Amino acid sequence: MSEPVQSSSRSPSGLRVTRAVLGLWTGGVLLFLYLPVLVLVVYSFNASRLNVVWEGFTFGWYREVWSNGPLWQAARNSLVVALVTTLVSVVLGTVGGWLLHRYRFRGGGAIETLAAIPMVMPEILMGISLLILFAAAGMELGFTTVIIGHVTFCFPFVLVAVRARLQGLDPALEEAALDLGATPIQAFWRVIVPNLQPAIVAGGLMAFTLSWDELIVTFFTTSAASATLPIRVFGMAKVGLNPMLNALSALFVTVTVAFVLFSAYLKRLARG
């Protein structure tokens, strides 16, 4: 007589326990990651100069940030560097992604791998390597060296986003444009680029965010005149716990989160 076959499915109570455990684990990880940021934002409104004990609510530190000339100059430097880096990264990432997708040639896989290495390379190694390179080439540190350093690790993110979009693009679109008399450049500019727009914008936003936040590579490639906002904040933090840093960091976090969320939204559109 054959034995009854046991069901491999879990009981409803077991599934509820599993979900509860996973939910608690996820909540604990998120709390560990974001609680320090939340505390920083809350204490940016603390009236205490010691910034240890809560003494009352104030917008005073935000007013000090608003009236601090050197900080705004550093913010303008960061904006210039981030905008130029984004522009160059978008051009290199879009053209590079298209060429790697469109043409098959020996060494293409190796080139794609080499282009992606800066995404995983430790930033301190990249910063030191770039500093040695600029010194050997006799280049004076400034905006140019900072932008070169930022483009090195930013454009691969654009390339990856464009490559992912190209995988789902119908090749018949380009073929139809060529059959109708368009040149390869016209087909690329008028047919391919509009279809790549969500991926290009998402990659550009990611490049802008990474450049805007970058500290370590900038530290090795900048000069006093081209110091960016992260460099200025780092210098202030070494002197002491100025409560104005909380307000500045809260603004920094807000801008960064906004760009990351918008970039994630555009990536979902690109995959769709």
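The table below lists the values:
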| quantity | calculated |
| --- | --- |
| Condition broken by S78, with the remaining ones in (1) more than 30 Å from T222 (Cβ to Cβ); (2) in contact with a Phe, Trp or Tyr (Cβ under 9 Å, 6 or more places away or on another chain); (3) of a type outside the set (A, V, I, L, M, F, W, C) satisfied | (1) |
| Some residue of the range 74-96 being among the aliphatic types (A, V, I, L, M) and either over 19 Å from F208 (Cβ atoms) or over 22 Å from the mean Cα position of the chain (by Cα) (or both) | no |
| Condition check for A258: assigned to a loop (DSSP other than H, G, I, E, B), free of Cβ contacts under 8 Å to residues at least 24 places away in the same chain and open to solvent by 50 Å² or more (accessible area, probe 1.4 Å) | no |
| Output for the range 191-233, where each listed residue is closer than 16 Å to T86 by Cα, among the hydrophobic types (A, V, I, L, M, F, W, C) and open to solvent by 10 Å² or more (accessible area, probe 1.4 Å) | I200, V201, L205, M206, F208, L210, W212 |
| Residue that is farthest from W61 (Cα to Cα), among those in the range 221-264 that are of a type in the set (S, T, N, Q) and in contact with an Asp or Glu (Cβ under 8 Å, 6 or more places away or on another chain) | S223 |
| Filter result for V146 (open to solvent by less than 50 Å² (accessible area, probe 1.4 Å), in a helix (DSSP H, G or I), touching a Gly at 6+ places or on another chain (Cβ under 8 Å) and in contact (Cβ under 8 Å) with a residue 40 or more places away in the chain) | no |
| Count of residues meeting criterion [open to solvent by 20 Å² or more (accessible area, probe 1.4 Å) and in a helix (DSSP H, G or I)] in the range 153-174 | 10 |
| Failed item, numbered, when L31 is tested on (1) assigned by TED's automatic domain parsing to the domain that holds S249; (2) part of a helix (DSSP H, G or I); (3) open to solvent by 70 Å² or more (accessible area, probe 1.4 Å) | (1) |
| Neighbours by Cβ (under 7 Å, 6+ apart or cross-chain): first from the range 43-69, closer than 10 Å to P243 by Cβ and outside the structural domain of L241 (by TED's automatic domain parsing); second acidic (D, E) and open to solvent by 40 Å² or more (accessible area, probe 1.4 Å) | N46/E55; A47/E55; S48/E55 |
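The values are calculated or read from the model by the stated rules, or taken from the named source; none is laboratory data. Everything quoted here is computed from the prediction, not taken from an experiment. Heads up, the Cβs are rebuilt from the backbone with ideal geometry, glycines too, and the neighbour counts pull from every protein chain shown. What goes into the accessible areas is simple: the full protein's heavy atoms, side chains included, and nothing from ligands, DNA or RNA. Shrake-Rupley method; radii C 1.70, N 1.55, O 1.52, S 1.80 Å.
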